[in-house]
Amino acid sequence: MTDFVTPAGFEEALRAPVRPPRVRITRPVLGRAQGTGEGSARATLARVARGAPEAMVKITGKTRDAGHLARHLDYISRNGRLSLEGPDGERLAGRAEVRELAGDWAAELAVESSRRRGAVSMSIVLSMPAGTEAFRVEDASRAFAERVFGERFAWVFVLHDEDRHPHVHLTVRMSGRDGARLNPRKADLQEWREVFAEALRERGVEAEATPRRARGVVLKAERTPVRKAWERFEAGTGPMPRVLAGALREAARGTGEGADWERRALERQRLVRRAYVAEALALKRSLDPEERALGAAVEAFVRGLPRPETRRMRLRDGFMAVRERQGEAVRSQDRDGGGRSR
């Protein structure tokens, strides 16, 4: 008989970043994940403890009109050299068919949007770490598109496998066949990751879709424009981005509007880690040797979690390290100068 329990803290660790609304006024626009045994809390905990690779689903942009969509489809199809696949295995090969699809989607939007303008399509990338078999990623992406968008939203996708880093470019028409508009929220994106991870596991690929908090991570990844601006600043080819300059000033003072958020984030991470420890202890007391082994794995996982860190903390530590290096340089110059004077 299993001794496995699910403390409230562990449930919090696996909760989506934003809770979905309790009541939906209209029919849901987005597909919902279908739960399986592999989606149980125990199976998830085991995958987390093993360090299962995280499935990625990322919205990379939207297209404005037929020309913009055609250029995007040209890019993902490598100017027609790669075939685009749609529902029911439909294939589009060559630039002419790709351009025709772009024109059809834009024309349909123009008819439906007589009173308002909107984007034509949404661009999504689904990927796994390097070394994952490309054909499994492609097959899981096909299943993902069918489950989430089905027949309601037209879509096409194509596999890219450069440098053994398989990823799929999925382009979805924003306007559904029932008149609904595609407008995913944070909770929907988390659910999309779960659907993709489940499809990968069904195809023999170890994959998980946990929130950052479940992996011991507090710091959000920087958006690409901010990261590029920071890289230019570090290389001496551009000014410090204003958003980072303000955060650096706050970090140097140790105060600011982000301080309360930081305390809440660190407290949440403390509770998540405590839940893992409680789970490990409960499992290690089990009579089932497999559960005892899982408890030991969870304990090792907790010991290996990174130090909780926010952007303010990273900037503050970096600022203090710079100050220390500058002080050491001054002290070194003073010592050298003092030696010469004697």
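The values are calculated or read from the model by the stated rules, or taken from the named source; none is laboratory data. Everything numeric here is computed off the predicted structure, so don't read it as measured data. All Cβ positions, glycine included, derive from the backbone under ideal geometry; neighbour counts span all protein chains shown.
Here the stretch 53-85 is the region considered, the condition is being among the small types (Gly, Ala, Ser) and within 20 Å of Ser127 (Cβ to Cβ), and the residue that is farthest from the chain's Cα centre (by Cα) is Ser83. Pick from the stretch 179-211 the residues that are charged (D, E, K, R) and over 23 Å from Pro166 (Cβ atoms): which of them is modelled with the highest pLDDT? The extreme case among them is Asp188.
Each row is one residue, and each column tells you yes or no for (1) of a type in the set (Ser, Thr, Tyr); (2) out of contact with any strand residue (DSSP E or B) (no Cβ under 6 Å at 6 or more places or on another chain); (3) within 27 Å of Glu208 (Cβ to Cβ).
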position	(1), (2), (3)
Ala154	no, no, no
Glu162	no, yes, yes
His167	no, no, yes
Leu170	no, no, yes
Arg177	no, yes, no
Arg185	no, yes, yes
Asp188	no, yes, yes
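Taken over the stretch 191-216, residues that are out of contact with any Leu (no Cβ under 9 Å at 6 or more places or on another chain), over 21 Å from Arg273 (Cα atoms) and not basic (Lys, Arg) amount to 9.
Residues of the stretch 85-98 being among the basic types (Lys, Arg) and assigned to a helix (DSSP H, G or I), which ones? Passing the criteria: only Arg95. When Arg285 is tested against (1) within 16 Å of Thr44 (Cα to Cα); (2) modelled with pLDDT of 90 or more; (3) out of contact with any Leu (no Cβ under 9 Å at 6 or more places or on another chain), exactly one condition is not met: (1). As for the stretch 311-320, it holds at least one residue that is small (Gly, Ala, Ser), out of contact with any Ser or Thr (no Cβ under 6 Å at 6 or more places or on another chain) and modelled with pLDDT under 80.
Which pairs do you get when a residue that is touching a residue at least 40 places away in the same chain (Cβ under 8 Å), found in the stretch 51-80, comes within reach of a residue that is exposed (fewer than 14 other Cβ atoms within 10 Å of the Cβ) and in a loop (DSSP other than H, G, I, E, B), reach meaning Cβ atoms under 7 angstrom, with the pair 6+ apart or on two chains? What qualifies is Pro53/Pro129.
Leu271 meets each of the listed conditions (1) at pLDDT 65 or above; (2) farther than 27 Å from Arg215 by Cβ; (3) of a type in the set (A, V, I, L, M, F, W, C) apart from (2).
For the stretch 57-72, the set of residues classified as in contact with a Lys or Arg (Cβ under 7 Å, 6 or more places away or on another chain) and closer than 16 Å to Val168 by Cβ consists of Val57 only.
Tell me, yes or no, whether the stretch 52-65 has at least one residue that is in the same structural domain as Arg147 (by TED's automatic domain parsing), part of a helix (DSSP H, G or I) and closer than 25 Å to Arg181 by Cα.
Among the residues of the stretch 52-65, not one is in the same structural domain as Arg147 (by TED's automatic domain parsing), part of a helix (DSSP H, G or I) and closer than 25 Å to Arg181 by Cα, which makes the answer no.
Scoring Leu45 on the criteria (1) part of a helix (DSSP H, G or I); (2) within 25 Å of the chain's Cα centre (by Cα); (3) at pLDDT 90 or above leaves a single failure, condition (3).
Screening the candidates Leu82, Leu69, Leu101 for the property of being out of contact with any Ser or Thr (no Cβ under 7 Å at 6 or more places or on another chain) and assigned to a helix (DSSP H, G or I) yields one hit, Leu101.
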